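The values are calculated or read from the model by the stated rules, or taken from the named source; none is laboratory data. This is a predicted model, so every value here is computed, not measured. A quick note on method: Cβ atoms are made from the backbone with ideal geometry, for glycine too, and the neighbour counts reach across all protein chains shown.
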Number of protein chains: 2
Amino acid sequence: MIIDIGLNQATAFAPATVGNVAVGFDILGFALDHIGDRVTVTRSARPEVRILAINGADVALPEDPSKNTATAGLVRLIADRKLDFGFDVTIDKGIPLGSGMGGSAASAVAAIVAASALLEERLPLPDRFTYALIGEAVASGAAHGDNIAPCLLGGLTLVRSMDPPDVIRIPVPPAINCVLVHPHMRIDTRTSRGVLAAHVERAAFIEQTSNIAGFIAGCFTDDRDLIARSLRDVVIEPQRAHLIPGFAAVQKAAFAAGAMGCSISGAGPSLFAWHGPDIDPAELSAAMVKAFATVELKADAWHSSVNGLAAHLVER
Amino acid sequence: MIIDIGLNQATAFAPATVGNVAVGFDILGFALDHIGDRVTVTRSARPEVRILAINGADVALPEDPSKNTATAGLVRLIADRKLDFGFDVTIDKGIPLGSGMGGSAASAVAAIVAASALLEERLPLPDRFTYALIGEAVASGAAHGDNIAPCLLGGLTLVRSMDPPDVIRIPVPPAINCVLVHPHMRIDTRTSRGVLAAHVERAAFIEQTSNIAGFIAGCFTDDRDLIARSLRDVVIEPQRAHLIPGFAAVQKAAFAAGAMGCSISGAGPSLFAWHGPDIDPAELSAAMVKAFATVELKADAWHSSVNGLAAHLVER
């Protein structure tokens, strides 16, 4: 039981997430189990944000609170609400940086969830979404909520609109699970967005809309075959695949090992694969890791549901 | 009860349909009540198709069976199956030509449903879809199944793929109904396709995918507010609106009269509007007809469910 009246310090955990999910560029995402970032926020006397420590990051992250993904939303919160107190922030990264696993979203969400617990009244969900988006925008150069939404709500989510926030939970067929494979390289989100053409060919637009529609219908009807037929990205993946050495081989290995679908997690370089109950996730992930090895990339793998918990307060 | 063994003649009714449905260009469609085409097919001795009569058409339709939308699929059927008999065909048009109400799809579907009843074994549904598509392609210059699918299956449908056919029924929230207004002018489907750009801007692509996903989710959860927020076409409608005099005024009138959504039916010029149970369809359609009158266009209106019956055999 966490008592939230007069709280001076709170710690929140926010899960890693897979954005885009092949057919929902910038709008679909799902939360992973276990892996995530933690942020501890302590009330301070002056209305400002200070970053006390950043742990677990293997590259230097911005120490200016208005430029750090975890704290940019808090800076805005203090200004918007004219708070007479501030926040001291400690960030514990559990998600590899530049992995495409929603690390910036997780830091932003964990910070706002923790800070919200220190307010007289907790922020309503749409406000938490909006402040977390500010942090995400600092990281990627553009606000997009496909990682923020599942991080805040858990499970699989659709962001129909960011302003005003319109986020819809999509039911996850219970027998579907996920393998996530993270090769030891980094892709900056800005780079990954920079390779995208400004336009989509009409035929690809039609195919992708039919795939996202089939995917959503498959989730609501628990139709795994329909989901498998629909989970194909004909728009974004072909433009980004070249950024990930071995992409084609890893995806091929995933399908050969029985994956329902396999595509880039967020901006990459991680790949996710969905699979049914007849597939051993250890065999699936081993096949994908092995394929990365053929291009001399080491890779880590996680097995997870596609129904990870929402960000939540935890004991420090 | 219709006995289909040794049948020498069959008549099928196929409903008018609304294609595109704002957010599903070339993939979504729904069937209307009551209005539709009828086609009567009689077995003939020689393996060829003859058009005996075309009734109810106010412009000349092709009399060459391989160029007529109702019969082109039958010509192919005879060739594919090496039939030793043929079909004499009478077409009774009930759907105004060039209205955007799926008239060519209805003729093609009615013909194949009637002809199928004359075969030793009726054609399976995917084959009926494929042969009806051949007729539709003759009419519009390109095969697309958004009218064929609801015409064959009834209700609201998604065509995820045409080849192989992958058609999904989408549940229709029972309290939603439709008004369809047909101004007295014609737009050729080829013209209406010709104005479309070859590419879609990425931002519009993202918005439209989020709208179709929200629309499908809203249909499955019977969430009328979500459907209303989602039923917005930011890709196709802006490119075609200028083909329909008074479009902006009619759409504005529909929203002012309480429509959940209002957009172009298929290739136009008809407009459809969805509405909830709190709206009087007579008032809604009157508002739309009145708006067309401001640009000196007479218009007819229909009130319908969005859950019209599938094409079916009828008494002559």
Worksheet entry | Residue count, segment A:5-25 (criterion: surrounded by 14 or more Cβ atoms within 10 Å (Cβ to Cβ) and modelled with pLDDT under 95) | 1
Fill in: Test result for residue A:210, in contact with a Gly (Cβ under 6 Å, 6 or more places away or on another chain), within 23 Å of residue A:176 (Cβ to Cβ) and polar (S, T, N, Q)
no
Worksheet, complete the sentence: All conditions in (1) under 19 Å from residue B:36 (Cβ atoms); (2) in contact (Cβ under 8 Å) with a residue 60 or more places away in the chain are true of residue B:118 except (1)
Worksheet entry | Residues satisfying the stated conditions in segment A:139-161, i.e. over 19 Å from residue A:313 (Cα atoms) and surrounded by 21 or more Cβ atoms within 10 Å (Cβ to Cβ) | A:139, A:144, A:145, A:146, A:156, A:157, A:158, A:159, A:160
Response to the item:
Taking segment B:166-194 and the residues there that are modelled with pLDDT of 95 or more, more than 17 Å from the chain's Cα centre (by Cα) and within 14 Å of chain A (Cβ to nearest Cβ), the one that is farthest from residue B:258 (Cα to Cα) would be B:166
Worksheet item: What strands (runs of 3 or more DSSP E), lying completely within segment A:1-61, carry at least 1 residues that are within 14 Å of another protein chain (Cβ to nearest Cβ) and on the phi < 0 side of the Ramachandran plot?
Response: A:9-19, A:28-44
Worksheet, complete the sentence: Residue hits (segment A:213-232; within 7 Å of another protein chain (Cβ to nearest Cβ) and either at pLDDT below 95 or under 23 Å from the mean Cα position of the chain (by Cα) (or both)) are A:213, A:214, A:216, A:217, A:220, A:230
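Scan segment A:270-298 for residues that are under 19 Å from the mean Cα position of the chain (by Cα) and part of a strand (DSSP E or B) and report the count.
Taking segment A:270-298 as the starting set, the residues that turn out to be under 19 Å from the mean Cα position of the chain (by Cα) are A:270-274.
Then keep just the ones that are part of a strand (DSSP E or B); that gives A:271-274.
Here the count works out to 4.
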Worksheet entry | Selection within segment A:180-209 - in contact (Cβ under 8 Å) with a residue 12 or more places away in the chain, touching a helix residue (DSSP H, G or I) at 6+ places or on another chain (Cβ under 9 Å) and part of a helix (DSSP H, G or I) | A:189, A:190, A:191, A:192, A:193, A:204, A:205, A:208
Worksheet item: Is there a residue in segment B:250-269 that is at pLDDT 95 or above, hydroxyl-bearing (Ser, Thr, Tyr) and within 19 Å of the chain's Cα centre (by Cα)?
Response: yes
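Can you tell which of A:210, A:285 is more than 12 Å from every other protein chain (Cβ to nearest Cβ) and either touching a strand residue (DSSP E or B) at 6+ places or on another chain (Cβ under 7 Å) or within 20 Å of residue B:217 (Cβ to Cβ) (or both)?
It is A:285.
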Discussion item. I'm trying to understand the selection: among the residues of segment B:233-250, which are within 11 Å of chain A (Cβ to nearest Cβ) and out of contact with any strand residue (DSSP E or B) (no Cβ under 7 Å at 6 or more places or on another chain)?
Written reply: B:236, B:239
